[in-house]
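Here is the structure we will look at, set down as structure tokens.
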Amino acid sequence: MLTKRQNLLETIHGGNPDRFVNQYEAFKMIMGTPVGKRNARPIKGGDPVVDMWGVTKSFPANTPGAFPVHTPDKIVIKDIENWRDYVKAPFLDYPEEEWLESAAQFEKSIDRNEQFATFFYAPGIFEQCHYLMEIQNCLMAFYEYPDEMHELIDFICDWEIAYAEKICKYYKPDALFHHDDWGSQISTFLSPAMFEEFLLPAYKRLYGYYKAHGVELIAHHSDSYAATLVPYMIEMGIDIWQGVMTSNNVPELIKKYGGQISFMGDIDSATVDYEGWTKEVVDREVERACTECGKLYFIPNASQGLPVSTFPGVYDALSAAIDEMSKKMF
């Protein structure tokens, strides 16, 4: 029997997996870095908090994740033309002993033969822009203030690379799991041409840095429609698009791009993860996804971007259903 790590590599490289990769089983997330420990995160159902970029976030009960609060008084960038007056990069230069201690604690928790040591990072470059600005202001600025948006994107990317230097030095990750939602359920937020101009160069720099410093695998989360961006995902070095929703026609994407990139998802969280969810719906969606997408270049998974569910029991029910499909199809 292949290890979880081996089975994932066989799946995404068109080899001979002996079962479906079961959601996030092959990834052991690196969290709790010296930076992460100091970055305030809201508790589900708790009060809003202000994160290390100055963004106020809340996490209402029965929702899949935290999101910025964008009342006028809480928008960080008040004026995009003078964005440098508002945006301060988070501090990174903590004592080396803190990094070493954190990395050592992580290393005790993982068997790298079994799982990928995976650095988790969110929000990504586009999300960080609209977290700082508010989504409507951000999207308008791409048209009205392109020079300033290029500058802001470069600033965020430079900081992420500086953080990546610390991560690669101390943790030596095998994989990166990076969040950045690039669309709604039905369309991308930016046109492909605008995405190519603004975001592709930054991500080529960022993901190129990780690949050049020992990271074998890059998984990118975008639980959205983004089928028109797949060629750019390939160009920037993404190995797995996680969160791919059914609106993308995943079987067609596998047919067209399998071997260049793999797809993790095709089970929309909203379809299975809701109050009063049922095992019957979970089993139906898992069977459909596995049957339609097949054994290679595909990892069945709810579209949500971590090994969790909004409502208790859903993630485990999905995993059990995937195991059953492995018994039927392998």
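The values are calculated or read from the model by the stated rules, or taken from the named source; none is laboratory data. Note that the coordinates shown come from a computational prediction; the quantities given were computed from them, not determined experimentally. Positions of Cβ are backbone-derived with ideal geometry, glycine not excepted, and every protein chain shown enters the neighbour counts. Note: accessible area is taken over every heavy atom of the protein model, side chains too, but ligands, DNA and RNA are not part of it. Shrake-Rupley method; radii C 1.70, N 1.55, O 1.52, S 1.80 Å.
Side notes on the structure shown:
- In the chain, the portion of solvent-accessible area held by carbon and sulfur atoms comes to 52 percent [1.4 Å probe, whole percent, DNA, RNA and ligands not counted].
- At a probe radius of 1.4 angstrom, the accessible area of the stretch 10-64 per residue rounds to 46 square angstrom.
- The simple Förster model, with R0 at 45 Å and r as the Cβ-Cβ distance, assigns K279 and E144 a FRET efficiency of 0.35.
- Per residue, the stretch 93-235 exposes 40 Å² of accessible surface when a 1.4 Å probe is rolled over the protein heavy atoms with every protein chain present.
- R0 of 22 Å, Cβ-Cβ distance A104-K169: FRET efficiency to nearest 0.05: 0.95
- Dividing the summed helix terms, -39500 (n - 2.57) for each DSSP H run of n ≥ 4, by the number of residues in the chain produces a 222 nm estimate of -13000 deg cm²/dmol to the nearest 500.
- Note on the chain: with charges restricted to the Cβ of Lys and Arg (+1) and Asp and Glu (-1), its dipole about the Cα centre is near 780 debye.
- The Rg/Rh ratio for the chain, using Cα coordinates for both the radius of gyration and the Kirkwood hydrodynamic radius, is 0.95.
- Span-like helix check, the chain: qualifying full DSSP H segments, with Cα axial length of 24 Å or more and mean Kyte-Doolittle of -0.5 or more, are 146-170.
- Farthest toward the positive end of the dipole of the chain, out of A162, F311, N7, is the Cα of N7, where the dipole comes from beta carbon charges about the Cα centre.
- Flagged links, alpha-carbon separation over 29 Å, of K28/K166; K169/K255; K4/K256; K78/K169: K169/K255; K78/K169
- The three principal axes of the C-alpha atoms in the stretch 52-162 carry coordinate ranges of 49, 35, 24 Å, sorted with the longest axis first.
- Model label zone, D85; criterion: amide N under 11 Å from point 7 Å along Cα-to-beta-carbon; scope the stretch 122-160: none
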